[in-house]
1. Being in a helix (DSSP H, G or I), within 24 Å of ALA66 (Cβ to Cβ), at pLDDT 85 or above and hydrophobic (A, V, I, L, M, F, W, C) is the filter here, so list the residues in segment 276-302 that pass it.
2. Tell me yes or no: at least one residue of segment 222-239 is within 18 Å of the chain's Cα centre (by Cα) and at pLDDT 85 or above.
3. Check segment 367-374 and report whether any residue there is more than 19 Å from LEU102 (Cα to Cα), surrounded by fewer than 19 Cβ atoms within 10 Å (Cβ to Cβ) and modelled with pLDDT of 80 or more.
4. Of all residues in segment 152-164 being at pLDDT 75 or above and in contact with a Phe, Trp or Tyr (Cβ under 8 Å, 6 or more places away or on another chain), which is nearest to LEU63 (Cα to Cα)?
5. Identify, by number, the condition in (1) of a type in the set (A, V, I, L, M, F, W, C); (2) within 23 Å of MET307 (Cβ to Cβ); (3) crowded, with 22+ Cβ neighbours inside 10 Å that ALA218 doesn't meet.
6. With the structure loaded, tell me whether LYS354 is of a type in the set (Lys, Arg), closer than 27 Å to ILE327 by Cβ and at pLDDT below 90 or whether it fails that test.
7. Determine which single condition ILE149 fails, assuming it passes every other condition in (1) more than 25 Å from GLU341 (Cβ to Cβ); (2) at pLDDT 80 or above.
8. For MET290, all conditions in the list (1) crowded, with 24+ Cβ neighbours inside 10 Å; (2) closer than 15 Å to LEU371 by Cβ hold save one; what is the number of the exception?
Amino acid sequence: MSRKVYLLIDRGRLLKHSRLTTFIFISLILGVLVGYFAPDFAVRMRPFAVIFLRMVKMIIAPLLFATLVVGIAGHGSAKNLGKIGLKTIIYFEIVTTLALILGLTMANFFKPGLGFHTTTIDFAAKLQEYGIATDHSTYVSAGDMIINIFPTSIFQSMSDGNLLQIMVFAIFFALAICAVGKAAKPVMEVLNSVSQIMFKFTEYVMYFAPIGIFGAIASTVGTNGITVLKSYAKIIGALYTALIIFIVLLLFIVCKIVKIPIKNIIKAIQEPALLAFTTASSEAAFPKAMEIMEKFGVPKNIVGFVMPTGYTFNLDGSTLYLAMAVIFSSQIVGIHLGIQEQILIMLTLMLTSKGVAGVPRVALVVLAGSLMSFGIPLLGVAILLGIDQILDMGRTTVNLIGNCVATLVIAKWENEFDYNKMENFMKEEI
């Protein structure tokens, strides 16, 4: 194929990429305007958001399984996997600890719970509406949580969208492939083909992203109204300030480590980050993020292992949010938490925020359990329910960015990052 043909293909891909990003941004603005000026009509747009997210969710299980098995088995042996796995977990723990510390620091600085007026919200009704109980009887014990990690049926896990159970099965499956050796080569070829097919499938689904995002934003604004932001301005502002500071610091440190210009990283992750923000769903952006990180220069086996693992163990935005939410919940009921109590809360959240990524409204469930563990009333949970969608948009975006950045760090740590591939990627984007 001639160089001229390649250039035409690259221009075509670039045109598609830029158009999709532009349409997503336009959909975001239109969603806000329609939600504000025509709320009744906007609420009826919610099915478009639901349909788009369902289309995305049908991709996740086969894509996650195929890429994770290929990523793990691609290391060649359990010894190599253990090496990269240890590095990944160490990095995740360092970063989530920093997120928790920043969340507690910003909560103590802004004091978002002080002076909050709570007379206009039916808290008990909101807690009941979202199935969050006010006693200990419905909360899962640590033992049950560990048991629930292991699937009884991989098909049931895929049907339920339980990502952690899919991960556990995929890890054992990949280790078995490594042990079998050459006899398992046909299976690896099939799974390689499946991952490529699912990435193409993702490209088709992304054509519907602007419609789904319009429905999500319009229905959210139409249901809650713009005025809801006034009552919650302090906690929203505090959280988004903390999330921005975290991302800026994270990107700055990582750029120093991997020796990549910060503009290159921002350019690479902007589209999946925008998808995550507008849909408040990591799942919507997950396939696109994996595809882009491969093109950016991270080896396929590292992307296939780190990104899915980060889904469970590296929820930077969620852990930061939980730290702030606990302090907020204590402040609105007049409970002062000292340094010792806050350190204990941080250690608790380091454990409770792991392993429950597949649970709907996971952050609220973990928050409720943490508050009850420390004898703090659940009033804060009920208050935060009113703006959970708005808060979720920010923390989900940071979760995704954090996992994309993690792939760069691990690739550099393993001396496998392809700088030439990154340069080619940036030339296509210019």
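The values are calculated or read from the model by the stated rules, or taken from the named source; none is laboratory data. Source: prediction; values computed, not measured. Don't worry about glycine lacking a Cβ; one is built from the backbone with ideal geometry, like all the others, and counts go over all protein chains shown.
1. Once the filter is applied, which keeps residues that are in a helix (DSSP H, G or I), within 24 Å of ALA66 (Cβ to Cβ), at pLDDT 85 or above and hydrophobic (A, V, I, L, M, F, W, C), segment 276-302 yields ALA276, ALA289, MET290, ILE292, MET293, PHE296, ILE302.
2. Yes, that holds for at least one residue.
3. no
4. MET158
5. For ALA218, the failing item is (2).
6. Yes, satisfied.
7. (2)
8. The one condition MET290 does not meet is (2).
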